[in-house]
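Below is one structure, written out as structure tokens; the observations come after it.
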């Protein structure tokens, strides 16, 4: 009389689960199966690369123009005393239109091992997220940092730090790991906040589980570049109320 | 003999049916495991703090950024021409000073925009994210509970008793965000599917939200 042993049942179950996994993965797979879609993806990537290259060129042009304007204004100062150039310089410093140097804190942050940022469907705690960078920047601001940058992108009050898929954009400019985040300011204020209990809880948990790599150190000589983005005003105007 | 063969055939048929059912159940189980794993992934993405936007949004953002950078270059070229002309140079400097005074929060400002009021128990990180979203949508000035955010503003901080500080002042619910910019673009950005307000609502139940577009938003200068 043929009876099935528990081993046979186990083999059947394992085989069934395996086939089920395979079939479902295949059915749900978002991988394109035709060369047309591959071509589309290639074109999109190429388009993004072109925009990023254009952006880098436009930003360097902006920096060059601002430098040239400053040079011309310095010449005006020599010929005329009443130019308010000191006021202008102070405002430019405040808004990040001049590079800054000094002591502060440097953070190096990067993805965990074995994760693929190229896979746009990957949602992994081992990837550094835009929210991690925002939290660090906010912490630096809480510690009264005077200038902040991420991978040489100056972070100013209006800098958006956002993600598009697994790409992170700072000032709408692509930045890739490893992330080098620099804050000028008093390390005595910044470091205790960074290591304090409750500061950056999500990030600290992932670092302690070796999901992402993080290091922070106080340094005497750091530099933060000039802001090279857009400052065009379209809607903002001086209020008629209370400015007397 | 025939009787035994018949019994054997019936048993074999039963075993065959059983095997088939086990196989079917196992396939279903495998399917469910994958679906569940994917569903967790989707939920994580949805309630996570960052939008899982697609490649088209990336292209749109880059295109719009490059257009704005082009505008900035045109402005700077005009400015350069003025600084080259001694007659117009002082005028150019005055214009620049006014622009930077507006941007740095040295004066009271106004303009079209919106007001977003959130009532409930909200953590500081969500406030940071909303401010980020407003600037990402092109806001030219943002304030929270009357505090204008500038490069000099001390960031959001949570003190041990759970209260949130901004620029050294305690923030209490309701949290009122004011933003000056293109009011439709700002509204669309906040309310987009899987956008910040939807994610916030899914992550923190019980938060009341009120979004009002305004022709004139007034914002006091930074302290």
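Bear in mind these aren't lab numbers, they're just calculated from the coordinates by the rules spelled out. Small disclaimer: the values here were computed from a predicted structure and weren't measured. Using ideal geometry, Cβ is built from the backbone for each residue, glycine included, and neighbour counts are taken over all protein chains shown.
When a/c reaches 1.5 or more, the comparison of a/b and b/c decides; with that in mind, is segment A:89-206 rounded, prolate or oblate per its Cα gyration tensor? Write out the running numbers ahead of the final one.
Numbers: a/c = 2.37, a/b = 1.41, b/c = 1.68.
Here segment A:89-206 falls in the oblate category.
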>> Between B:108, B:161, B:145, where does the largest GNM mean-square fluctuation fall for chain B, given springs only between Cα atoms within less than 10 Å?
In response: B:161
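Give me the number: length gained by fully extending residue B:86 to residue B:159, i.e. 0.36 nm times residue separation minus the C-alpha to C-alpha distance, one decimal in nm. Intermediate values should be presented prior to the final figure.
Numbers: separation 73, 0.36 × 73 = 26.28 nm, distance 5.39 nm.
Length gained between residue B:86 and residue B:159: 20.9 nm.
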> What number, in percent, do you get for the relative contact order of chain B if the mean sequence gap of Cα pairs under 8 Å and at least 6 apart is divided by its residue count?
Replying inline: 26 percent
> Under a plain spin-label model, where a point goes 7 Å from the Cα along Cα-to-Cβ, how far apart in nm are residue A:6 and residue A:68?
Replying inline: 8.3 nm
> Using Cα atoms only, what is the angle between the long axis of helix B:124-136 and the major principal axis of chain B, expressed in degrees (0 to 90) to the nearest 10?
Replying inline: 70 degrees
> At residue A:53 and residue B:192, where each label point lies 7 Å from the Cα along Cα→Cβ, what is the point-to-point distance in nanometres?
Replying inline: 2.6 nm
> residue B:28 to residue A:106: FRET efficiency via 1/(1 + (r/R0)^6), r the Cβ-Cβ distance, R0 41 Å, to the nearest 0.05?
Replying inline: 0.15
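Once the convex hull of the alpha carbons of chain A is built, what does its volume come to per residue, in cubic angstrom?
229 Å³
Just checking the output field for A:219-231: average partner chain Cβ neighbours within 10 Å of each residue's Cβ?
On the way: counts 0, 0, 0, 0, 0, 0, 0, 0, 1, 2, 4, 11, 8.
Per residue, the number of nearby Cβ atoms from other chains is 2 on average.
How would A:6, B:126 line up from fewest to most surrounding beta-carbon atoms within 10 angstrom?
Values: A:6 7, B:126 19.
Going from sparsest to densest Cβ surroundings: A:6, B:126.
At 0.36 nm per residue, and after removing the present C-alpha to C-alpha distance, how many nm does the segment from residue B:64 to residue B:215 gain when stretched out fully? Each step should come with its number before you reach the end.
On the way: separation 151, 0.36 × 151 = 54.36 nm, distance 2.37 nm.
Additional length available on full extension: 52.0 nm.
With only alpha-carbon atoms in the gyration tensor, what are the semi-axes of the equivalent ellipsoid for segment B:52-103, in Å, largest first?
Working: eigenvalues 224, 33, 3 Å².
Equivalent-ellipsoid dimensions as semi-axes: 34, 13, 4 Å.
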>> Quick check: the angle from helix A:6-28's long axis to the longest principal axis of chain A, C-alpha only, nearest 10 degrees?
In response: 40 degrees
> If you take the beta carbon distance between residue A:223 and residue A:25 as r and set R0 to 35 Å, what does 1/(1 + (r/R0)^6) give as a FRET efficiency, to the nearest 0.05?
Replying inline: 0.10
> With a 10 Å Cβ neighbour count serving as the proxy for reagent exposure, in which order, fewest first, do B:214, B:63 appear?
Replying inline: B:63, B:214
> Average partner chain C-beta neighbours within 10 Å, per residue of A:89-100?
Replying inline: 3
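Taking each residue of B:21-29 in turn, how many C-beta atoms of other protein chains fall within 10 Å of its C-beta, and what is the average?
On the way: counts 1, 7, 7, 2, 5, 10, 10, 4, 5.
If you average over the peptide's residues, the count of other-chain Cβ atoms is 6.
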> Just from its helices, what would the mean residue ellipticity at 222 nm be for chain B, if runs of 4 or more DSSP H residues each count -39500 (n - 2.57) and the sum is divided by every residue, rounded to the nearest 500 deg cm²/dmol?
Replying inline: -19000 deg cm²/dmol
> Can you give the alpha-carbon Rg of chain B over 2.2 N^0.38 Å, where N counts its residues?
Replying inline: 1.72
> Size of the protein assembly as shown along its principal axes in angstrom, Cα-based, largest extent first?
Replying inline: 123, 54, 48
> How long, wide and thick is segment B:109-223, going by the Cα atoms along their three principal axes, in whole angstroms, largest first?
Replying inline: 38, 35, 19
> How big is the gap, in Å, between the Cα center of segment B:122-157 and the Cα center of segment B:185-223?
Replying inline: 11 Å
> Using 0.36 nm per residue, how much length does the chain from residue A:189 to residue A:15 gain when fully extended, once their Cα-Cα distance is taken away?
Replying inline: 56.7 nm
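Could you tell me whether segment A:140-214 comes out rounded, prolate or oblate from its Cα gyration tensor? Rule is a ≥ b ≥ c as square roots of the eigenvalues, rounded for a/c under 1.5, then prolate if a/b exceeds b/c, otherwise oblate. Please report the intermediate quantities before stating the final value.
Details: a/c = 2.08, a/b = 1.12, b/c = 1.86.
Here segment A:140-214 falls in the oblate category.
Please state the relative contact order of segment A:54-183 as a whole percent: Cα pairs under 8 Å, 6+ residues apart? Working shown, then result.
Values: 128 pairs, mean separation 33.6, N = 130.
Rounded, it is 26 percent for segment A:54-183.
Return A:59, B:221, B:60 ranked ascending by Cβ neighbour count within 10 Å, so the fewest neighbours appear first. Kindly include the intermediate steps, with their values, before the conclusion.
Working: A:59 22, B:221 17, B:60 13.
Ranking A:59, B:221, B:60 by Cβ neighbours within 10 Å, fewest first, gives B:60, B:221, A:59.
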> So how tilted is helix A:130-142 from the main axis of chain A? Cα-based, degrees 0 to 90, rounded to 10.
Replying inline: 40 degrees
